[in-house]
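The values are calculated or read from the model by the stated rules, or taken from the named source; none is laboratory data. Just so you know, these numbers come straight off a predicted model, no measurement behind them. Every residue, glycine as well, gets a Cβ built from its backbone with ideal geometry; the counts of neighbours run over all protein chains shown.
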Amino acid sequence: METTSRKPTEEKLKPKLFSVMKNYSASQFIKDLVAGVIVAIIALPLSIALALASGVGPEQGLYTAIVAGFIVSFLGGSRVQIAGPTAAFATIVAGIVATEHMDGLIISTIMAGIILIVMGLCKFGALLKYIPNTITSGFTFGIAVTILIGQIKDFLGLTFKNSPIETVDKVKEICLCMNTLNWQALVVGLISLAILILWPKKLEKIPASLIAVIVCSLIVKFSGMHVNTIETLYTISSDPPHLTIPEVSFTRIKALLPNAFTIAVLAAVESLLSCVVADGMIGSKHRSNMELVAQGAANIGSALFGGIPATGAIARTAANVKNGGRTPVAGMVHSIVVFLILVMLMNYAKYIPMPTIAAILFIVAYNMCGWRNIRNTIKTAPKSDIAVLFVTLILTVVFDLVVAIGIGLVLAALLFMKRMADVTEAHAWVDIDDEDTDPDNILLKKIPDNTRVYEINGPMFFAAADKYKYMLDDKNIDVLCIRMRNVPAVDATGVEALARIVKRCEKHNVKVVFSHVNEQPMKAMEKAGLVAQVGAENFCSHIDTALLRAEEIEKSLKAAK
């Protein structure tokens, strides 16, 4: 019977919304409507808090939830993804706004959106899984630390003499200004924390952050406590999102490109991670490349309408699933409800105390830090992986995410190459009649006289190039047989090493026979001209064939003598 191999189905660049609407029902719409309203209530205080942590106005967090949330649901590759402002961006955005101002943030976010769209169209969705978990855990924990440190000022009601941007400078300023501690602000902050921690244990359906905002706003309003509110520090606007076009120049684009790249990579990683979590909750499979395109369009839209960078929000996505949302309609409802709240109720946001905002962000930082992953990594991972994790974490806190991810990836790549080099080896086969041979080794075969067989195990790449240099130490042979069944890949340096072996063999009149060369190494060797140099007849599909070929060469050499 003839059999055919089936190739994996190529992922479609088609929004999930267009797929799920074929069988959409009224009962599912009711579920999506309820889920969307609940997620909007959750998103309201979070969006305001994250906007303030990002150094922008409270309404800009809502703009992001409205515009980016709707676009990601409409175009995205996940059934249940909820997008909006997230804690991962807070410190990055705050740094860009402080140094490049709002127009710099808009340009950076638009460029990041373009990068994300290109990544999706080029089908880079699957490549992001190659970012090691140690790096992801490291910078996530680092971001959580920076958010926590950034909110200590408002939680304690401190009055800063300076306006530090870097996390280390903030720590120093906190220590210098502890004498300005406001006990009333601390009390409000502690009440907020107590509500945020204890409320979900009793009534999980009603968001604890909303209860904390309402209760503490009423306490500050009617008790006359001297505590900073949003109104004290920011101007409140209930205007709907409006189109904003920044002035763009080549010099500006060049200067902001690193920021754009950081936003794009973080948005891609966070959104696809959220999709994977959601897939596990609903038993579905997202379209990663379509999700990247949607995230790109969402960030462009958010920036043009006054918002900040956005990505998939894991907590809000999980809340959507838990409350019955199963299609992108729930995410679109969430955006519409946030828009209605902005227009009709935004003026009441001015009463929200800053210590309550800080307390909400403390909980966000705790939930995102992934300390359990850090603990498990320390317990189970090799020391080199632990080093990468802590280097990434420390660099995220002390410097920024660009430096942290860049150096973390370089370290991880170097360690990976070292491991691959450590497991790559070339060992000689010997004749079964050799007195030093273990007679129980059933893998040994009869090797022709004056033939030496080497087997290479592992990828042949530059870090392992020195493993093969001794392969022709014995020059008193006629044939060198190189078995490569366990070589999945070679790079340019690996091909070069093989070429040097062949050249030395030619110099000493030794013929080379290759056995079981896999597809990628064969293509690389053909491209380098090595196949033509050795002769196609000396490339055998199996070791038995290669040994027969060695016998033929031996006989022809004896006949020639």
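Things to note:
- Among the residues of the range 484-507, none qualifies, meaning not one is part of a helix (DSSP H, G or I), touching a strand residue (DSSP E or B) at 6+ places or on another chain (Cβ under 6 Å) and more than 30 Å from M417 (Cβ to Cβ).
- Tally, over the range 522-553, of residues that are in a helix (DSSP H, G or I), of a type outside the set (A, V, I, L, M, F, W, C) and out of contact with any strand residue (DSSP E or B) (no Cβ under 7 Å at 6 or more places or on another chain): 9
- Single residue of the range 129-180 satisfying the filter (of a type in the set (S, T, N, Q) and within 30 Å of A413 (Cβ to Cβ)) that is modelled with the highest pLDDT: T146
- Residues of the range 191-205 that are touching a residue at least 60 places away in the same chain (Cβ under 8 Å) and either over 21 Å from I230 (Cβ atoms) or surrounded by fewer than 19 Cβ atoms within 10 Å (Cβ to Cβ) (or both): I197, K205.
- Test result for K350, among the charged types (D, E, K, R), more than 19 Å from the chain's Cα centre (by Cα) and more than 27 Å from G55 (Cα to Cα): no
- One residue alone among I174, I152, I106 is surrounded by 21 or more Cβ atoms within 10 Å (Cβ to Cβ) and not charged (D, E, K, R), and that residue is I106.
- Options A318, A313; residue that is over 30 Å from W183 (Cβ atoms) and either buried (at least 22 other Cβ atoms within 10 Å of the Cβ) or free of Cβ contacts under 8 Å to residues at least 40 places away in the same chain (or both): A313
A quick yes/no check of all residues on (1) surrounded by 15 or more Cβ atoms within 10 Å (Cβ to Cβ); (2) assigned to a helix (DSSP H, G or I); (3) of a type outside the set (A, V, I, L, M):
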residue: M332; (1), (2), (3): yes, yes, no
residue: S335; (1), (2), (3): yes, yes, yes
residue: L342; (1), (2), (3): yes, yes, no
residue: Y348; (1), (2), (3): no, yes, yes
residue: A359; (1), (2), (3): yes, yes, no
residue: A365; (1), (2), (3): yes, yes, no
residue: I378; (1), (2), (3): no, yes, no
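- Members of the range 179-189 that are hydrophobic (A, V, I, L, M, F, W, C) and either free of Cβ contacts under 8 Å to residues at least 60 places away in the same chain or in contact with a Leu (Cβ under 6 Å, 6 or more places away or on another chain) (or both): L181, W183, L186, V187
- Residue match in the range 511-521 (condition: acidic (D, E), in a helix (DSSP H, G or I) and over 39 Å from the mean Cα position of the chain (by Cα)): no
- The residues of the range 234-258 that are touching a helix residue (DSSP H, G or I) at 6+ places or on another chain (Cβ under 7 Å) and closer than 30 Å to T356 by Cα, listed by number, are Y234, I236, S237, S238, P240, P241.
- Residues of the range 160-170 include none that is of a type in the set (F, W, Y), in the same structural domain as H286 (by TED's automatic domain parsing) and farther than 21 Å from I308 by Cα.
- Test: residue in the range 554-561 that is among the hydroxyl-bearing types (S, T, Y) and in a helix (DSSP H, G or I): yes
- The set of residues in the range 216-237 being crowded, with 16+ Cβ neighbours inside 10 Å and assigned to a helix (DSSP H, G or I) consists of C216, S217, I219, V220, I230.
- Residue satisfying condition, being within 13 Å of I263 (Cβ to Cβ), crowded, with 24+ Cβ neighbours inside 10 Å and in contact (Cβ under 8 Å) with a residue 40 or more places away in the chain, within set S302, S288: S302
- Looking only at residues in the range 544-561 that are over 54 Å from the mean Cα position of the chain (by Cα) and in contact (Cβ under 8 Å) with a residue 40 or more places away in the chain, the one that is farthest from V453 (Cα to Cα) is L557.
- Residues being touching a Ser or Thr at 6+ places or on another chain (Cβ under 6 Å) and part of a helix (DSSP H, G or I) are entirely absent from the range 97-119.
- Looking only at residues in the range 294-329 that are among the charged types (D, E, K, R) and at pLDDT 90 or above, the one that is farthest from the chain's Cα centre (by Cα) is R326.
- Residue list for the range 267-285, filter: over 18 Å from L127 (Cβ atoms), in contact (Cβ under 8 Å) with a residue 12 or more places away in the chain and of a type in the set (G, A, S): A278, S284
- Condition met for M111 (of a type outside the set (G, A, S), under 26 Å from A413 (Cβ atoms) and surrounded by fewer than 24 Cβ atoms within 10 Å (Cβ to Cβ)): yes
- The single condition among (1) assigned to a helix (DSSP H, G or I); (2) at positive phi that K123 does not meet is (1).
- Remark: S223 matches the filter, which requires a residue to be among the hydroxyl-bearing types (S, T, Y), in the same structural domain as M102 (by TED's automatic domain parsing), farther than 30 Å from C122 by Cβ and free of Cβ contacts under 8 Å to residues at least 40 places away in the same chain.
- Exactly one residue among V34, V67, V39, V93 is modelled with pLDDT of 95 or more, in the same structural domain as L196 (by TED's automatic domain parsing), part of a helix (DSSP H, G or I) and closer than 29 Å to S238 by Cα, and that residue is V67.
- Criterion applied to E291, E270 was being within 25 Å of E11 (Cα to Cα) and either among the small types (G, A, S) or at pLDDT 95 or above (or both), and the one residue passing it is E291.
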